[in-house]
1. Fewest Cβ neighbours within 10 Å first, please rank Thr25, Thr125 accordingly.
2. Report the relative contact order of segment 1-125, percent, no decimals, based on alpha-carbon pairs under 8 angstrom and at least 6 residues apart.
3. Around Ala58, under 12 Å between beta carbons, what's the net of Lys plus Arg minus Asp minus Glu among the other residues?
4. Sort Arg90, Arg30, Arg55 so that the residue with the fewest other Cβ atoms within 10 Å of its own Cβ comes first and the one with the most comes last.
5. Quick one: if you stick a label point 7 Å off each Cα along the C-beta vector at Asn132 and Ser113, how many nm between them?
6. Mind putting together the pair-distance distribution for segment 1-76? All Cα pairs, 5 Å bins, whole percent per bin, short to long.
7. Which of the following values of Cα extents along the principal axes in Å was calculated from the structure shown: (1) 48, 43, 31; (2) 38, 33, 28; (3) 44, 33, 30?
8. Give the order of Asp151, Asp135 when sorted by the count of other beta carbons within 10 angstrom, beginning with the fewest.
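Every number in this text was worked out from the coordinates using simple rules, so none of it is lab data. Here the structure is a predicted model, which is why all the values come from computation and not from measurement. Here the Cβ is made from the backbone with ideal geometry for all residues, glycine too, and neighbour counts use every protein chain on show.
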Amino acid sequence: MLASLVVGADGSTTFNQSSRALSTTGDRERFLARRRLADCILVGGNTARNESYSRTPAPLVIISHSQPELLAINPIAQWWNLGPEETITRASKEFGQHIHCEGGANLLHHFLSLGLIDTMELSVTSFVGGENAIDIQAILQNFKTIERTKDADTTFYTCTQPIMLQK
């Protein structure tokens, strides 16, 4: 599974409960390119409630304990009340192997802790002052191989070869 996350330089993952303000042009271009290759997109309930998912290029799977209102807006959205492993197994069978997890941070952390993310695309922008901060280095330490590139206002990390960290 491929996971994407954009964070500010201070680790913030949202501003006014959405990641949109944190994203840059370069981040958005890369994010949309990855999305177009997905067989399905996975998000958690909070992400579905706070981000714009009315249209997606692939089926959208919302993992949540409660049914999201988004189902009435996005005709290819589905709600699954399943655990992480069951979600990945079912998504692979129903849609294919190219699963793109778009988070949020809590869902990604859960998938990371179970070793279910093969590749992590982390974009760190210059934005500061948001909410729900994470430790960027803690995310990166989950992977053996980290490629770093930079454009004008964003540092991109492509992380592969996940490590199962000791708890």
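1. Working: Thr25 11, Thr125 19.
Exposure proxy ranking, most exposed first: Thr25, Thr125.
2. 40 percent.
3. +1
4. On the way: Arg90 15, Arg30 20, Arg55 11.
By the 10 Å Cβ count, ascending: Arg55, Arg90, Arg30.
5. Placing both labels 7 Å along Cα→Cβ, they lie 1.6 nm apart.
6. Bins of 5 Å from zero give 3, 14, 24, 26, 22, 9, 2, 0 percent of pairs.
7. Structure-derived value, by its label: (2).
8. Fewest-to-most ranking of Asp151, Asp135: Asp135, Asp151.
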